[in-house]
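Scroll down for the structure; my scribbles are underneath it.
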Amino acid sequence: MTSAPARVAVLTIVAGRHDHLRGQVAGLTLSRRLPDLHVIASMGDDDITAGRVEGLTGPWRTEVVPVDVGELGLPLAQARNVAAARAEELGADLLVLLDVDCIPGPDLVGTYATHALGPDRPPSPAIWCGDVAYLPPLEPGERLDLDRLAERGRHREDRVLLGPGETLREDDLRMFWSLSFAMTPDDFRAAGGFCADYVGYGGEDTDFAQAVAAAGGSLTWVGGATAYHQHHESTSPPVQHLEAVVRNAGVFHDRWGWWPMEGWLTAFEERGLARVGADGRWEVAR
C-alpha cells in the first residue's frame, strides 16, 4: 500500500496589488510541480474576498480567507497565521509562503517539497528559504513576460545564491526574510506562528526567526527555489510606515531585549522623525 502524495499549499497575504497577485498565479501555472492548494488571505480587500478579481485561479484549489483590518494597519503577521491554519485544516503537508509581489520560478514549489519533506531534516522547527531575484519596472504598455524572468531578474549581492540542489545552513537567523519560504505545518506551529502583536510594517519577520532560534530550530538556504520579485515603488527609510516601524520595534524589544531595524530607526532620527525618549525607548517625534 502506497502513501498518498504530499499536499503542498502556497500561501499569499494580500491587500490590493491585484496585478502582482495575477502574476504570481500565472507563474504557479508554469510550475513543474503544481501546488495542490493556494490560500489567499485577504486583508480587508473586499474585491478579493467577494471574488470580483479575475485571473486568480488555476488547476488547484483556491481558498480565500478574510482577515479583519483594524485602525493600526495591515495585520501581516496574523494574516500569515490565518492562511497557515486554513491550509493545515485542508490537509496541507507543506506550507510555501510567498509575498504577493513574488512570482515563483518553475522549480520553486518542487524544490521546496523535495527538501522540506525529504529524509534529511535539519533541527526543527525548520525554515527553508529560496533565493529572490528582483525584476525591473515594466515600461508603459509592457506586459509581464514569464519566459524572461530568469533573464531579467537580478539578485542582491548581500544574499545567498546557491545552485540547484544545493543547501546551506544559516547560522544567523536574523537573515530570514519572509518573501519566500517553506515550512511544514508542524514546524510552523512549533515556532508559535507569527506574533500577532505586530501590526503594520516591520519587525514580524525578525521576531519569527528569533522564535524559531529560541525553539532550537534552523534556517536553510535552498538552491533552485527562485522567486521573482515584481517591482514596486519603495522608500528607504520607509517613512510612510514610520509609526508602525517604531511601534513594532518596541514590541520586539519587549519580547527579545534588543532593538531591531536600527538602520531605519537611526535614519528616522536623523530626519527628526523619531527619537529615543527619556525611558530609553524609541518613539515618534511629535
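Listed values, structure above:
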quantity: Number of positions in the range 235-268 that are within 18 Å of Leu72 (Cβ to Cβ) and polar (S, T, N, Q); calculated: 2
quantity: Complete set of residues in the range 137-153 that are out of contact with any strand residue (DSSP E or B) (no Cβ under 6 Å at 6 or more places or on another chain), surrounded by 10 or more Cβ atoms within 10 Å (Cβ to Cβ) and not small (Gly, Ala, Ser); calculated: Pro137, Leu138, Leu144, Asp145, Leu146, Arg148, Arg152
quantity: Of the criteria (1) buried (at least 19 other Cβ atoms within 10 Å of the Cβ); (2) touching a helix residue (DSSP H, G or I) at 6+ places or on another chain (Cβ under 6 Å); (3) closer than 25 Å to Trp282 by Cα, which one Asp197 fails; calculated: (1)
quantity: Residue in the range 179-188 that is closer than 26 Å to Leu161 by Cβ and surrounded by fewer than 19 Cβ atoms within 10 Å (Cβ to Cβ) present; calculated: yes
quantity: Close pairs (8 angstrom Cβ cut-off, 6 or more residues apart or separate chains): assigned by TED's automatic domain parsing to the domain that holds Leu149 in the range 21-42, aromatic (Phe, Trp, Tyr) and outside any helix (DSSP H, G or I) anywhere; calculated: Gly27/Tyr228; Leu28/Trp60; Leu34/Trp60; Pro35/Trp60; Asp36/Trp60; Leu37/Trp60; His38/Trp60
quantity: Search result, residues across the range 107-137 that are over 15 Å from Ser31 (Cβ atoms), free of Cβ contacts under 8 Å to residues at least 40 places away in the same chain and not charged (D, E, K, R); calculated: Gly118, Pro119
quantity: Given (1) surrounded by 13 or more Cβ atoms within 10 Å (Cβ to Cβ); (2) within 24 Å of Thr266 (Cβ to Cβ); (3) in contact with a strand residue (DSSP E or B) (Cβ under 8 Å, 6 or more places away or on another chain); (4) in the same structural domain as Gly91 (by TED's automatic domain parsing), index of the condition Arg156 fails; calculated: (1)
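The values are calculated or read from the model by the stated rules, or taken from the named source; none is laboratory data. Computed from a predicted structure; not experimentally measured. FYI the Cβ positions are ideal-geometry reconstructions off the backbone, even for glycines, and counts take in every protein chain you see.
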